[in-house]
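Participant: The structure that follows is given in the form of structure tokens.
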Ligand code: NAD
Ligand code: MG
């Protein structure tokens, strides 16, 4: 377990972290008005900003101005909003624009938006001319604490989510805490699910801090947000440093996700937000861990209470045993047909294990409405 190191930071609302991956290392800036500092993190003179139709009217002008003020040439690509557009058509649209504008390898792609924009833009940057620089400017809580850090990029295929992609690290991640002001409350809660996850699997002190500060986070308290985002990024960066390409440890970041994927798949994507399904999935994984004699009943209840306090569902939909098992059997973590779960041995320590069918059934029975 790594200890929080952010107490040495200059201000309670700003943090500057580093993802340590040798020559692929990069900074993460978390600050109010970080959008105004973007130019410091872009090396090339030419920049193409990729964003969507929701984020463009809110923040595109601010980012463009901060780059043009220092003399950079800026172009803009605005995609339609939504997970449905995280596809080959959007990717082709980006490539067409880059080629028509004769963008060369000294062009930086800048992803301005949530995880959808970050994933598409990162993959475009990984593959255009075999790789050009890119910078992440995540504007949702989920993308600030999760998707912008770690280098997973990609798009969906009609036959599967995130099936086409690459590991490709950004040159910097710039998270503006003020940009979350316009985020719908439901999306903020969804991001909190991944924040709670880091506390549960790695850092019990952080978990306790979240119990005490959850309402501040939901009320957009700047120092609280900066701390939660910073600590989340630190934890993710450390896990990624130890296991960049998910050959082992990185799988613990999937705490709650086995149940979540079944909920999302069975209800149809979009019915529940990913973070909502993860919140509920963590309650289920905690129940399972408790039944196996790992965490205590009171720890299980702490997880349930924090998920509820974050504004997330704690009661799973009643999909029926066969549907649950069917969807959980198609998870990437499985080996040889065995469903693998991220379980809590104790609070703050996660393991990947398969479980006896009878115990899993008891959890499904207990957690579904
Ligand atoms: P999203 O990108 O769809 O954003 C959610 C909504 O918020 C969208 O409508 C968006 O336009 C809007 N929005 C964004 N910023 C806003 C702002 N500041 N104010 C108002 N509205 C704003 O969803 P997300 O939750 O950010 O990301 C989900 C995506 O991330 C999924 O495609 C998922 O697969 C991917 N993901 C990737 C990784 C990874 O490691 N690469 C990890 C987790 C999730
Ligand atoms: Mg997730």
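Participant: I'd like to know if segment 103-119 contains one or more residues that are away from ligand 2 (no atom under 16 Å from the Cβ), surrounded by fewer than 21 Cβ atoms within 10 Å (Cβ to Cβ) and in a helix (DSSP H, G or I).
Facilitator: no
Participant: Any residue that is surrounded by fewer than 23 Cβ atoms within 10 Å (Cβ to Cβ), assigned to a loop (DSSP other than H, G, I, E, B), at pLDDT 95 or above and in contact with a helix residue (DSSP H, G or I) (Cβ under 8 Å, 6 or more places away or on another chain) - is there at least one of those in segment 153-167?
Facilitator: no
Participant: Between 143, 179, which is away from ligand 2 (no atom under 13 Å from the Cβ), touching a residue at least 24 places away in the same chain (Cβ under 8 Å) and not in a strand (DSSP E or B)?
Facilitator: 179
Participant: Can you tell me how many residues in segment 64-79 are assigned to a strand (DSSP E or B) and more than 23 Å from residue 99 (Cβ to Cβ)?
Facilitator: 0
Participant: Further question: Here is a list: 316, 286, 322, 271. Which entry is surrounded by 20 or more Cβ atoms within 10 Å (Cβ to Cβ) and more than 24 Å from residue 228 (Cα to Cα)? Before you say what the answer is, go through the steps one by one.
Facilitator: Working: 286 fails: more than 24 Å from residue 228 (Cα to Cα); 322 fails: surrounded by 20 or more Cβ atoms within 10 Å (Cβ to Cβ); 271 fails: surrounded by 20 or more Cβ atoms within 10 Å (Cβ to Cβ).
Criteria check complete, one pass: 316.
Participant: Consider segment 327-353. How many of its residues are under 13 Å from residue 259 (Cβ atoms) and modelled with pLDDT of 90 or more?
Facilitator: Matching residues across segment 327-353 total 7.
Participant: A further question on this structure: Does segment 348-358 hold any residues that are touching a helix residue (DSSP H, G or I) at 6+ places or on another chain (Cβ under 8 Å) and surrounded by fewer than 16 Cβ atoms within 10 Å (Cβ to Cβ), and which are they?
Facilitator: The first filter runs over segment 348-358 and keeps only residues touching a helix residue (DSSP H, G or I) at 6+ places or on another chain (Cβ under 8 Å), leaving 348-352, 355.
Matches in segment 348-358: 351 only.
Participant: A follow-up question, please. Within segment 291-307, take every residue that is touching a strand residue (DSSP E or B) at 6+ places or on another chain (Cβ under 8 Å) and part of a loop (DSSP other than H, G, I, E, B) and give me the one that is farthest from residue 214 (Cα to Cα).
Facilitator: If we take residues in segment 291-307 being touching a strand residue (DSSP E or B) at 6+ places or on another chain (Cβ under 8 Å) and part of a loop (DSSP other than H, G, I, E, B), then 292 is farthest from residue 214 (Cα to Cα).
Participant: What pairs come up if the first residue lies in segment 197-224 and is within 16 Å of ligand 2 (Cβ to nearest atom), the second is part of a loop (DSSP other than H, G, I, E, B), and their beta carbons are under 7 Å apart, counting only those six or more places apart or on different chains?
Facilitator: 197/255; 197/256; 200/255; 200/347; 201/255; 202/1; 202/348
Participant: Filtering segment 125-140 down to residues that are touching a residue at least 24 places away in the same chain (Cβ under 8 Å) and surrounded by fewer than 24 Cβ atoms within 10 Å (Cβ to Cβ), which residue is nearest to ligand 2 (Cβ to nearest atom)?
Facilitator: Of segment 125-140, the ones touching a residue at least 24 places away in the same chain (Cβ under 8 Å) are 125-129, 131-140.
Then keep just the ones that are surrounded by fewer than 24 Cβ atoms within 10 Å (Cβ to Cβ); that gives 126-129, 131-133.
Values: 126: 20, 127: 24, 128: 27, 129: 31, 131: 26, 132: 27, 133: 26 Å.
Result: 126.
Participant: Output the residues belonging to segment 257-274 that are more than 13 Å from ligand 1 (Cβ to nearest atom) and either free of Cβ contacts under 8 Å to residues at least 12 places away in the same chain or part of a loop (DSSP other than H, G, I, E, B) (or both).
Facilitator: 268, 271
Participant: Which residues, counting only those in segment 41-63, are part of a helix (DSSP H, G or I) and surrounded by 14 or more Cβ atoms within 10 Å (Cβ to Cβ)? Even if it seems obvious, please write down each step before you answer.
Facilitator: We begin by selecting, within segment 41-63, every residue part of a helix (DSSP H, G or I); these are 41, 56-63.
Across segment 41-63, the qualifying residues are 41, 56, 58, 59, 60, 62, 63.
Participant: Could you list, in sequence order, the residues of segment 256-269 that are farther than 14 Å from residue 315 by Cβ, touching a helix residue (DSSP H, G or I) at 6+ places or on another chain (Cβ under 7 Å) and away from ligand 2 (no atom under 11 Å from the Cβ)?
Facilitator: Across segment 256-269, the qualifying residues are 258, 262, 265, 266, 269.
Participant: Also, I was wondering about something else. Cβ contacts < 9 Å: first residue in contact (Cβ under 8 Å) with a residue 40 or more places away in the chain, restricted to segment 57-82; second residue surrounded by fewer than 17 Cβ atoms within 10 Å (Cβ to Cβ) and part of a loop (DSSP other than H, G, I, E, B), any location; separation 6+ or different chain. Result?
Facilitator: 79/53
Participant: Would you check if residue 251 is under 30 Å from residue 26 (Cβ atoms), more than 10 Å from ligand 2 (Cβ to nearest atom), assigned to a helix (DSSP H, G or I) and modelled with pLDDT under 95?
Facilitator: Answer is yes for this residue.
Participant: When the residues of segment 73-91 are filtered to those that are crowded, with 17+ Cβ neighbours inside 10 Å and under 21 Å from the mean Cα position of the chain (by Cα), which remaining residue is farthest from ligand 1 (Cβ to nearest atom)?
Facilitator: The residue in question is 91.
The values are calculated or read from the model by the stated rules, or taken from the named source; none is laboratory data. Computed from a predicted model, the values in this text were never measured in an experiment. Cβ atoms come from the backbone with ideal geometry, glycine included; neighbour counts cover every protein chain shown.
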